[in-house]
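First up is the structure itself, then whatever we jot down about it.
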Ligand code: SF4
Ligand code: SF4
């Protein structure tokens with residue numbers, strides 16, 4: 001597994017999505033400090049590769065900050081096992097993101113044309129299709145990885161046995177699903193059930209096919 005190359009490709013997917021979706025997201029009402037999407041979505045899902053990038057970022061933080069975030073992750077996991085809706089562990093007291101530069105695709109794809117409320121974000125159909133295409137590209141890139149809640153994917157990567165296997169290209173979905181089940185969460189599932197089905201926008205097909213091979 002060439003993590004350096006995979007990380008570069010991951011950043012390329014983020015960048016392409018941002019560029020391709022700009023025609024839609026320019027009308028967003030999102031502002032810093034507006035955090036309904038960080039508190040009320042219930043599950044911020046990431047891929048294992050995204051988890052690796054976040055983990056590497058955490059490792060480079062000052063000790064006090066890193067330990068604070070590790071504690072927040074542990075608290076988040078405990079709460080998550082008791083209730084469905086738990087704010088993201090990386091949401092700071094001022095309602096901004098502690099890992100903004102390495103936030104996962106599930107956050108990058110969110111925007112809304114109206115302030116979110118009980119109904120969640122209002123987005124363009126084409127942007128939703130682009131978002132699905134981005135998820136497909138992420139899954140093709142990380143085809144021996146998993147998708148799941150951010151706190152648990154990071155926990156998996158902290159486990160030496162899992163980390164060694166993932167980094168060597170091993171794939172044990174049954175074991176990982178059992179891990180998720182033991183914590184009352186779903187892991188090893190796609191971040192979206194839909195396949196990108198709107199090919200009218202050329203960028204959608206290009207983004208979806210941007211990573212060769214994979215599952
Ligand atoms: S998606 Fe909704 S909650 Fe999130 S920043 Fe935009 S308007 Fe605010
Ligand atoms: S990672 Fe950051 S942007 Fe994403 S849900 Fe958590 S606090 Fe919000």
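The values are calculated or read from the model by the stated rules, or taken from the named source; none is laboratory data. In this text the structure is predicted, and so the values were computed from the model without any measurement. As a convention, Cβ positions derive from the backbone with ideal geometry for all residues, glycine included, and neighbour counts pool all protein chains shown.
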* Asked: Can you name the number of the only condition in (1) modelled with pLDDT under 95; (2) within 16 Å of ligand 1 (Cβ to nearest atom) that residue 161 fails?
  -> (2)
* Kindly establish whether residue 109 is at negative phi and in contact with a helix residue (DSSP H, G or I) (Cβ under 6 Å, 6 or more places away or on another chain). => yes
* Structure fact -> residue 2 meets each of (1) more than 16 Å from ligand 2 (Cβ to nearest atom); (2) touching a helix residue (DSSP H, G or I) at 6+ places or on another chain (Cβ under 7 Å); (3) at pLDDT below 95 with one exception, condition (2)
* Search region 35-49 for residues being out of contact with any helix residue (DSSP H, G or I) (no Cβ under 7 Å at 6 or more places or on another chain) and in a helix (DSSP H, G or I), and hand back the single one that is farthest from residue 186 (Cα to Cα). => 36
* Could you tell me whether any residue of region 107-114 is surrounded by fewer than 20 Cβ atoms within 10 Å (Cβ to Cβ), over 18 Å from residue 46 (Cβ atoms) and away from ligand 2 (no atom under 14 Å from the Cβ)? => yes
* Asked: Does at least one position in region 56-73 carry a residue that is touching a residue at least 40 places away in the same chain (Cβ under 8 Å), within 16 Å of ligand 1 (Cβ to nearest atom) and touching a helix residue (DSSP H, G or I) at 6+ places or on another chain (Cβ under 9 Å)?
  -> no
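Is it true that residue 111 is under 15 Å from the mean Cα position of the chain (by Cα) and within 11 Å of ligand 1 (Cβ to nearest atom)?
Working: under 15 Å from the mean Cα position of the chain (by Cα): yes; within 11 Å of ligand 1 (Cβ to nearest atom): yes.
It is true that residue 111 is under 15 Å from the mean Cα position of the chain (by Cα) and within 11 Å of ligand 1 (Cβ to nearest atom).
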* Structure fact -> (1) outside any loop (DSSP other than H, G, I, E, B); (2) over 16 Å from residue 14 (Cβ atoms); (3) under 17 Å from the mean Cα position of the chain (by Cα); (4) at pLDDT below 95 all hold for residue 126 apart from (3)
* **Residue match in region 79-91 (condition: assigned to a loop (DSSP other than H, G, I, E, B), within 11 Å of ligand 2 (Cβ to nearest atom), more than 21 Å from residue 147 (Cα to Cα) and touching a residue at least 60 places away in the same chain (Cβ under 8 Å))** => no
* To do: Can you confirm whether region 63-73 contains a residue that is surrounded by fewer than 16 Cβ atoms within 10 Å (Cβ to Cβ), more than 16 Å from ligand 2 (Cβ to nearest atom) and within 19 Å of the chain's Cα centre (by Cα)?
  => no
* Quick one: which residue in 187, 176, 204 is part of a helix (DSSP H, G or I), modelled with pLDDT under 90 and touching a helix residue (DSSP H, G or I) at 6+ places or on another chain (Cβ under 6 Å)? => 204
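Please specify each residue of region 18-34 satisfying the condition of being assigned to a helix (DSSP H, G or I) and within 15 Å of ligand 2 (Cβ to nearest atom).
18, 25
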